[in-house]
Amino acid sequence: MNIIKTITLLVLPFVLLGCASNNITTDYSEFYDFSNLKRFTLQANNPDDKIVLDYLGGNIFDQRARDDIANNLTLKGMIQSVNNPDFSVGYRVRTSDKIHINSVDSEPRYSYGLGYYNGGFGWSAASTQTTVSNDKQLHFTIVINDAKTHKRIWQGSTESVLSSNATPDERRLKLKKAIDGILQTFPPFTLNTSK
């Protein structure tokens, strides 16, 4: 019985990591002391994102993203503060077209043939069905800047396909999953060598 528990404990982390999203990338300033970050503020949107935000739901999408980011950071013990923040958090969003082409041989296949010694004759009927669908690829990036120097200290991004027929609940869940995945490694553990 102990062998089964041991094997389960050894395999479980790999299974869980395999289920996690693998298209999240992060980068940060390795010499920045992240342990001093306690209070944050949310940055205003970039005007360049207005067209994309309108496509995604405008103010509704924006408020969802801001709420999810603030909730995630609050759960980490950080406090939202407009007056005296340690860092500011913003996000950028872009979309691109993702085209899916799928070709499938349709069934049934019919064939007829005569033996080798009697000469060759054959007949076959089949067709190929090709479908093309167009979805949007969502590129979502969270940026964190030092509030005093305004320098970028951390950034994380992910990509996800947004189906054109996704319900609001599906969009909400996908956005929350993306934000939670990106902020999973924030703040990073770093050794501050500047002291």
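Check which residues have an amide H placed less than 5 Å from Lys98's amide H, if you skip close sequence neighbours.
Asp135, Lys136, Gln137
Would you mind computing, in nm to one decimal, how far apart the modelled labels at Asn84 and Glu170 are, each placed 7 Å from Cα along Cα→Cβ?
According to this spin-label approximation, the distance is 4.8 nm.
Give me, ordered by chain and number, the residues 5 or more places off Gln80 or on other chains with an amide H under 5 Å from its own placed amide H.
Counting only residues 5 or more places away or on other chains, the set is Phe40.
Each reported figure results from applying straightforward, stated rules to the coordinates on display, with no laboratory input. In this text, all values refer to a predicted model and were calculated from it rather than measured experimentally. Positions of Cβ are generated from backbone atoms using ideal geometry, with glycine treated the same way; all protein chains shown enter the neighbour counts.
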